[in-house]
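Worksheet: one structure, shown below.
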Amino acid sequence: MATETPIFAGAVDKGLEGVVACTTGISSIVDATLIFRGYTIEDLAAHSTFEETVFLLWENRLPSGDELTAFKRVLGENMSLSVEQIKHLKGLPTKGVHPMAWLRSAVSVMSLWDPDGQSSEPAAQRRMAMRLVAQMGPLVTLFDRNRNGKDYVQPKPEKGLAWNFLYQLKGEEPDATIAKDFDTCLVLHADHELNCSAFAARVTASSLSDIYSAIVSAISALKGPLHGGANEQVMLMLKEIGNMSAAREWIKEALADKKKVMGFGHRVYKNGDPRAKILAQLSEKLGAKTGQPAWYEMSKAIDDVMQKDKGLLPNVDFYSATVYYSMGIPIDIFTPIFAVSRVSGWLAHIFEQYSRNRIYRPRGQWVGKEGLKWTPVAKR
Ligand code: COA
């Protein structure tokens, strides 16, 4: 008889809301304050590069100048994809394939070439982590160029990950300020406490499965429109609305129809997402710089209606959509960019999980039938 009551009965079928599943020292959210390893996101966005943020997340401290140089050098050395890898990855289907589905498959395929792929030895795991962070951007750009019949662009290892992403995507050197702003976007997305994809990574790691398997789980979770997929949906919504004069009416109708407006609301932040504030400023700045201020203006109008009529504030996905769009990035590449950055946080979570592991194995509260007796197929 199934009679046991789960301990956290209040969270059952409520997405584990309010349940504390593990201790963590990587990132924390308290009210509207987000910190990575003790530093506020505002401080990091203003001063840190993405590479420094990755070091911070993994090592629990900021690097010295020499350490940062060495860290960037190793990342640079790991950025290139081999001729064999490029050949095989180019053979994967792209027609009608969402880039996140391709990326999930490509990362899984990459594990087959990794000489450390199955190792649980800490130094080997660190080498895998470096490869994953260094190669996530090149993989996404290979996908985009390949589907457009363009050749893969070799990275310039002496440049940073953000700069190279834009360079490899477009095949031309990016404007220095745009590359810097893109780097800030990567910093902002690097980690976010026990979100859906970080939890997915930790659950897979908790069975002592390998790093690639945990990252593939995380990419799969990030892909959904309620998580990382929202930034793409935001831009599609803005394009559907079309212009400022239609924005307020469109949102009011969507709310009346009980539709979810992508890029708003959050399970944890109830007084605003600090990343959205930074991204709103970037969206305004880049819109003006690239001669497309209308997207920011329309976003701001929607933001006002959502706050006034629904009491909902924008999350990280709302203004990042127009930031990436004004950088000339294809809309369906927005969510893969999330993965390019967040892979660093997932890896920090995987390391933390391995360091004090116990397999995740919660309980399900039984609501099914009981006491049935088997009927032979001929009598059903
Ligand atoms: N648009 C309209 N209404 C929204 C909303 C949105 N974006 N987000 C939440 N709500 C409403 C819900 O309809 C619900 O209202 P109800 O109580 O009248 O039914 C209430 O607010 C609570 O929402 P719920 O979906 O239960 O919250 P959650 O904690 O389970 O989900 C999100 C959090 C982020 C998944 C949710 O806000 C959402 O779907 N947002 C849009 C997708 C998005 O931007 N995701 C990126 C997250 S960083």
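FYI, it's all coordinate maths here, none of it is from the lab. In this text, all values refer to a predicted model and were calculated from it rather than measured experimentally. Reconstructed Cβ throughout: ideal geometry from the backbone, glycine too, with neighbour counts over all protein chains shown.
Things to note:
- For the range 350-361, the Karplus equation 6.51 cos²θ - 1.76 cosθ + 1.60, evaluated at θ = phi - 60°, returns couplings of 5, 4, 5, 4, 4, 6, 9, 7, 9, 4, 6, 8 Hz by residue, with Gly and Pro reported as x.
- Anisotropy class of the range 1-123 from Cα gyration tensor, a/c 1.5 cut: oblate
- With a Förster radius of 22 Å applied to the C-beta separation of Arg358 and Arg61, the computed FRET efficiency comes to 0.25.
- Distant-in-sequence amide H partners of Leu34 (H built 1.01 Å from N, under 5 Å): Ile41
- Net charge dipole size for the chain [Lys, Arg +1 and Asp, Glu -1 on Cβ; Debye, nearest 20]: 1340 debye
- Additional length obtainable on full extension of the chain from Glu158 to Lys285, 0.36 nm per residue less Cα span: 42.9 nm
- Three-way shape call for the range 137-272 based on the alpha-carbon gyration tensor, with the a/c threshold at 1.5: oblate
- Base-10 log of normalised Debye intensity for the chain (one unit scatterer per alpha-carbon) at q = 0.10, 0.11, 0.12, 0.15 Å⁻¹: -0.67, -0.80, -0.94, -1.40
- Gap separating the Cα centres of the range 248-298 and the range 20-56, nearest whole Å: 23 Å
- Mean Cα-pair separation over length for the chain, i.e. relative contact order, pairs under 8 Å, 6 or more apart, %: 22 percent
- Relative contact order (%) - criterion: Cα under 8 Å, at least six apart; region: the range 93-196: 19 percent
- Extending 7 Å from the Cα toward the beta-carbon at both Val74 and Val109 defines two label points whose distance is 2.8 nm.
- Within the listed set Arg275, Arg342, Arg73, the residue fluctuating most in the Gaussian network model of the chain (springs between alpha-carbon atoms under 10 angstrom) is Arg73.
- Structure-based [θ]222 nm, the chain - -39500 (n - 2.57) summed over DSSP H runs of at least 4, per residue, nearest 500: -18000 deg cm²/dmol
- Each of Thr177, Val187, His98 was placed along the dipole of the range 97-235 (beta-carbon charges, centred on the mean Cα), and the one lying farthest toward the positive end is His98.
- Of Val340, Pro115, Tyr167, farthest towards positive along the dipole that unit charges on Lys, Arg, Asp, Glu beta carbons give the chain: Pro115
- Reachable aspartates and glutamates from Lys180, criterion Cα separation under 12 angstrom, eight or more residues apart if same chain: none
- Note on the chain: dipole from Cβ charges, positive end direction compared against Gly224, Leu286, Thr49; the farthest Cα belongs to Gly224.
- Listed by chain and number, the lysines placed with their C-alpha closer than 29 angstrom to that of Lys258 are Lys14, Lys223, Lys239, Lys270, Lys277, Lys300, Lys308, Lys310; residues fewer than eight positions away on the same chain are left out.
- The peptide list 232-238, 178-184, put in order of mean Cβ contacts within 10 Å with the highest first, becomes 232-238, 178-184.
- Kirkwood Rh (inverse of mean 1/r, distinct Cα pairs), the range 139-215, angstrom: 14.6 Å
- Taking 17 Å as the straight-line reach from the Cα of Lys150, the aspartates and glutamates in range (excluding those fewer than 8 positions away in the same chain) are Glu172, Glu173.
- Hz values of 3J(HN,Hα) by residue in the range 323-338 - Karplus curve (6.51, -1.76, 1.60), Gly and Pro given as x: 4, 5, 5, 6, 7, x, 8, x, 4, 6, 8, 4, 5, x, 4, 4
- Subtracting the Cα-Cα distance of His227 and Asp13 from their residue separation scaled by 0.36 nm leaves 75.3 nm.
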